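Undergrad: Have a look at this one.
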Amino acid sequence: MVAGGFADSKPLQIVAPEMAASQFTPVKWRIKTLLKDLNMATDIAKKQKSSTPMSALAAQLLQLHGNSGFLDQDPATLIKLYDENK
């Protein structure tokens, strides 16, 4: 686990076990909300002529996932993009 390291975060501490257990309810936050926020951040960065490659990549992945019917699901469901047994 990443506890205590630079990659540690409270959201990751909550979401990682849920992702590992495929436990996606209750929905605490929605893909569409996170996608809206990421798109807003990348739009502001573009206007400021700043690069945000990781935010842009995250937005692309969330959009791909949302296009597969997950817009109203919890962001933890993003792991399903990599699940061969969907």
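The values are calculated or read from the model by the stated rules, or taken from the named source; none is laboratory data. Predicted, not measured: the structure shown is a model, and the values here were computed from it. Every residue, glycine as well, gets a Cβ built from its backbone with ideal geometry; the counts of neighbours run over all protein chains shown.
Undergrad: Name the residue that is surrounded by the most Cβ atoms within 10 Å (Cβ to Cβ), counting only residues in segment 25-54 that are modelled with pLDDT of 90 or more and of a type in the set (Lys, Arg).
TA: It comes out as 30.
Undergrad: Which members of segment 1-24 meet the condition of being at pLDDT 80 or above, farther than 14 Å from residue 79 by Cβ and surrounded by fewer than 11 Cβ atoms within 10 Å (Cβ to Cβ)?
TA: Selection gives 10 alone.
Undergrad: Could you list, in sequence order, the residues of segment 39-54 that are farther than 25 Å from residue 73 by Cβ, in contact with a helix residue (DSSP H, G or I) (Cβ under 9 Å, 6 or more places away or on another chain) and not in a helix (DSSP H, G or I)?
TA: Pass one, segment 39-54, residues farther than 25 Å from residue 73 by Cβ: 44-51, 53.
Adding the requirement that they be in contact with a helix residue (DSSP H, G or I) (Cβ under 9 Å, 6 or more places away or on another chain) leaves 45, 50-51.
Selection gives 50, 51.
Undergrad: Shifting gears a bit: Do you know which residues across segment 21-45 are farther than 18 Å from residue 69 by Cα, of a type in the set (A, V, I, L, M) and under 15 Å from the mean Cα position of the chain (by Cα)? Walk me through how you get there before you give the answer.
TA: Keep residues of segment 21-45 that are farther than 18 Å from residue 69 by Cα, which gives 21, 37-45.
When the remaining residues are screened for being of a type in the set (A, V, I, L, M), the result is 21, 38, 40-41, 44-45.
38, 40, 41, listed by residue number.
Undergrad: Could you give every pair whose Cβ atoms fall below 7 Å, whose first residue belongs to segment 40-63 and is free of Cβ contacts under 8 Å to residues at least 12 places away in the same chain, and whose second residue is not small (Gly, Ala, Ser), counting only separations of at least 6 or pairs across chains?
TA: What qualifies is 45/52; 52/42.
Undergrad: In addition: Here is a check on your reading of the model: is residue 36 outside any loop (DSSP other than H, G, I, E, B), of a type in the set (Lys, Arg) and under 22 Å from residue 83 (Cα atoms)?
TA: On the way: outside any loop (DSSP other than H, G, I, E, B): yes; of a type in the set (Lys, Arg): yes; under 22 Å from residue 83 (Cα atoms): no.
Considered against the rule, which asks whether it is outside any loop (DSSP other than H, G, I, E, B), of a type in the set (Lys, Arg) and under 22 Å from residue 83 (Cα atoms), residue 36 comes out as no.
Undergrad: Would you check which residues across segment 62-86 are crowded, with 16+ Cβ neighbours inside 10 Å and within 20 Å of residue 16 (Cβ to Cβ) and list them?
TA: 62, 65, 70, 73, 74, 75, 76, 77, 78, 79, 80 - these are the residues of segment 62-86 that are crowded, with 16+ Cβ neighbours inside 10 Å and within 20 Å of residue 16 (Cβ to Cβ).
Undergrad: Conditions: (1) surrounded by fewer than 15 Cβ atoms within 10 Å (Cβ to Cβ); (2) assigned to a helix (DSSP H, G or I); (3) in contact with a Pro (Cβ under 9 Å, 6 or more places away or on another chain); (4) not basic (Lys, Arg). Residue 57 meets all but one. Number of the miss?
TA: (3)
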